[in-house]
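Input: a single structure, listed below in structure tokens.
Taken together, the values in this text are just the output of simple stated rules run on the coordinates, not laboratory data. Given the structure is predicted, the values throughout are model-derived calculations rather than measurements. Here the Cβ positions follow ideal geometry from the backbone for every residue, glycine too, while neighbour counts run over all protein chains shown.
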């Protein structure tokens, strides 16, 4: 049986009056249908961005004027430190250009948490890891990855790079401050 996720945005007709919701009625109507119907989960959340079980950071975070771009050239395993003057964590884009063949490229944070592993890279390959839209592209095509996407924590954020070859790295992130919804 296949499942289909539905997302519905309901506008509060009295949004400007600061009234709170006191009750919600949910109903299902089927007309001229055959087969089975299963409702597995219902999630109610405020805001205009349906995100499932994770909060929508678009409504919770405020961009600062500080967009940071940090580059490095590494050869072998290294720990790099990114500074985030924002008051909360933010997404991270990493572009990696292999200067020589690299086997099993890995990124992790702190003491090895949030590890993301990508397979081999040949010299000249360009790997783009974007935690904002959850993509990993090698030379413009989606590739398999194993693990979790990195982010930049507020203050000092340590990032470990594991590889057996030389790479040029470009870290790109927009600092964020906690918004009124946090």
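Could you list 25, 108 in order of exposure, starting from the residue whose Cβ has the fewest other Cβ atoms within 10 Å?
25, 108
Using all Cα-Cα distances in the range 62-178, what percent lands in each 10 angstrom bin from 0 up to the longest?
So the P(r) values, bin by bin, are 15, 49, 30, 6, 0.
Tell me, in nm to one decimal, what length is gained between residue 168 and residue 100 on full extension, where the rule is 0.36 nm per residue of separation less the Cα-Cα distance?
Value of the extension gain: 23.5 nm.
What is the spin-label model distance, in nm, from residue 23 to residue 115 if the labels are put 7 Å beyond Cα along the C-beta direction?
5.3
Got the relative contact order for the range 62-178 handy, in percent, Cα pairs under 8 Å and 6 or more residues apart?
Here the relative contact order equals 49 percent.
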